[in-house]
1. For the stretch 277-297, which residues satisfy the criterion of being outside any helix (DSSP H, G or I) and open to solvent by less than 10 Å² (accessible area, probe 1.4 Å)?
2. Has the stretch 298-311 got any residue that is over 11 Å from the mean Cα position of the chain (by Cα), within 18 Å of Val91 (Cβ to Cβ) and open to solvent by less than 10 Å² (accessible area, probe 1.4 Å)?
3. Is it the case that some residue within the stretch 251-263 is more than 19 Å from Val369 (Cα to Cα) and not in a loop (DSSP other than H, G, I, E, B)?
4. Please specify each residue of the stretch 340-383 satisfying the condition of being aliphatic (A, V, I, L, M) and in a loop (DSSP other than H, G, I, E, B).
5. For the stretch 33-53, give me each residue that is open to solvent by less than 20 Å² (accessible area, probe 1.4 Å) and among the basic types (Lys, Arg).
6. Pick out the one residue from Ala56, Ala30 that is touching a strand residue (DSSP E or B) at 6+ places or on another chain (Cβ under 7 Å), part of a loop (DSSP other than H, G, I, E, B), more than 24 Å from Ala269 (Cα to Cα) and open to solvent by less than 60 Å² (accessible area, probe 1.4 Å).
7. Inside the stretch 167-209, can you point out the residues that are within 23 Å of Lys109 (Cβ to Cβ), assigned to a helix (DSSP H, G or I) and open to solvent by less than 20 Å² (accessible area, probe 1.4 Å)?
8. Just to verify a result, which residue in the stretch 92-146, among those that are crowded, with 17+ Cβ neighbours inside 10 Å and charged (D, E, K, R), is nearest to Gly287 (Cα to Cα)?
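The values are calculated or read from the model by the stated rules, or taken from the named source; none is laboratory data. Here the structure is a predicted model, which is why all the values come from computation and not from measurement. All Cβ positions, glycine included, derive from the backbone under ideal geometry; neighbour counts span all protein chains shown. For accessibility, only protein heavy atoms count, side chains too; no ligands or nucleic acids. Shrake-Rupley method; radii C 1.70, N 1.55, O 1.52, S 1.80 Å.
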Amino acid sequence: MSSADVLICGAGRTPFGRWSETTGRQLAVAAVNAALADAGIPWSRVGAAFGGSDSAGLADTLVAQLGLTGLPFVNVKNGCATGGSALVSAVNAIRSGMADVVLAVGFDKHPRGAFDPRPEDWGLGAEYGSDGLMVTTQFFGMKIQRYMHDHGITPRTLALVAEKAYRNGALTPEAWRRKPMPAEEILESGMVSDPLTRYMFCSPGAGAAALVLCSPKAARALNGPPVTLRSAVVRTRHFGSFEVFSPWIPGGELTSVSRDASAAAFEEAGLGPGDVDVCQLQDTESGAEVMHMAECGFCADGEQERLVASGATGIGGTLPVNTDGGCIANGEPIGASGLRQVYEIVRQLRGQAGERQVPDEPRIGFTHVYGAPGVSACTVLSR
C-alpha cells in the first residue's frame, strides 16, 4: 500500500492563542472531537492513535476523556516536527494494516516569553546556554542575515511576509493575531535580532489540531469529502546543515534538512513544486518563510524578493503561502503546528476556507514544518 492509499476524512483544530484556564489536554480533546465530527464517526471507530506535545502532557492520557476503548495510543515528541511525525506514524499504521481508521493529534500550551531549552537536553554543554547561544531568536537572525547577504533579500521583503501573515490571520477565525498590520509598522516595531523586528516573529502559545486518517475502504463509509495524502515524510539533518543548536558549521556549501524532506515528499507523491496550488511553509519568523520557499523548491534562491513584492504568495497569487496566517498570525504551540498546516490545506482543497479560500479550486497542496535540532516534516495532498 502506498501513501496515495491513505485518505484524510476528518480534520479539526481549536483557536490558537494564550489561555489562562484551559489546559493543553482540554484543547487536544476539543480538536479530536472536532475531527471525529468532521469524519462523522465516534471515538470507538478509531483503531489506533499517535500524538504528542512539547510541554502540555502525554497524548495517550487523552483516552480518559475520549473513551477507554483499549486502542494503541503512541506518544510522539519530536520538537516542531511532533505533529508531522505523528502523522507519518498514522500513515504507516494504515499502510501496515494495523488499523483502517487512525488518529493523529498535536497540542501544546506554552508560557509567555521565548522558549527556554536546556543545553544538556540537546547534547550541548552548559556553557552553550550560559553564553546566550540557546536563544533561538539569535539563530534566526544570523541565518537570515547570511541568506540576505548571499542572495540580495532586503528587510522590506521580510516585512511584506509578515504583513501577508497578519492580513491572512484576519481572515482566519481560529488565528491568534487577527489585526492587519502594514509593512512600515512591522519594520519599525523594534529590533529583536538584526534584521528581524518584533512583529516578524511568531509567539509561543496554546492550541491543538487533529486529523482522522483512513483506508479507502473505510473512507467509503464515512461522511466528508476525503483528501488524499499523497506523501508524508520526516527527515533529520545531514552533515553541513546550519541548525538552531549547532555550535559550529563546516566550510563550503551548506546542506538543508528542508530540501531533503521536501524532495522526498515530492518524489513519493510523484509530483513536483510546480504542481502545487497552495502551500504551508514554516514561518517561525519572516526569514524562515523566505528561505523555505527556495529550500522546498518553489523558487530559486534570491527570487523571493520579486515574488513577494509582486503578491505571488498572497491568497490570489500564483503560489499562495500560509493562507491561514502561518505561525506568525497563529502563534506556535509546538505539538500542533504541523497538523494545523495540514488542516488548512484540507480546508483549501475541499473549498471550505471561507474568506481566505484560494480561487480556481486548488487541487494540490503542500505542507512543510521545520524545527530544532534540524528536523523537517513535509506532506503532499490532493483532492
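1. Val278, Cys279, Gln280, Leu281, Gln282, Asp283, Glu285, Cys296
2. Of the residues in the stretch 298-311, the ones over 11 Å from the mean Cα position of the chain (by Cα) are 298-311.
This time we only want the ones that are within 18 Å of Val91 (Cβ to Cβ), so: none.
No: the stretch 298-311 contains no residue that is over 11 Å from the mean Cα position of the chain (by Cα), within 18 Å of Val91 (Cβ to Cβ) and open to solvent by less than 10 Å² (accessible area, probe 1.4 Å).
3. no
4. Of the stretch 340-383, the ones aliphatic (A, V, I, L, M) are 342, 345-346, 349, 353, 358, 364, 369, 372, 375, 377, 380-381.
Scanning the stretch 340-383 gives Ala353, Val358, Ala372.
5. Within the stretch 33-53, none qualify.
6. Details: Ala30 fails: part of a loop (DSSP other than H, G, I, E, B).
Exactly one residue qualifies, and that residue is Ala56.
7. Gly169, the sole residue that qualifies.
8. Checking each candidate, the answer is Lys143.
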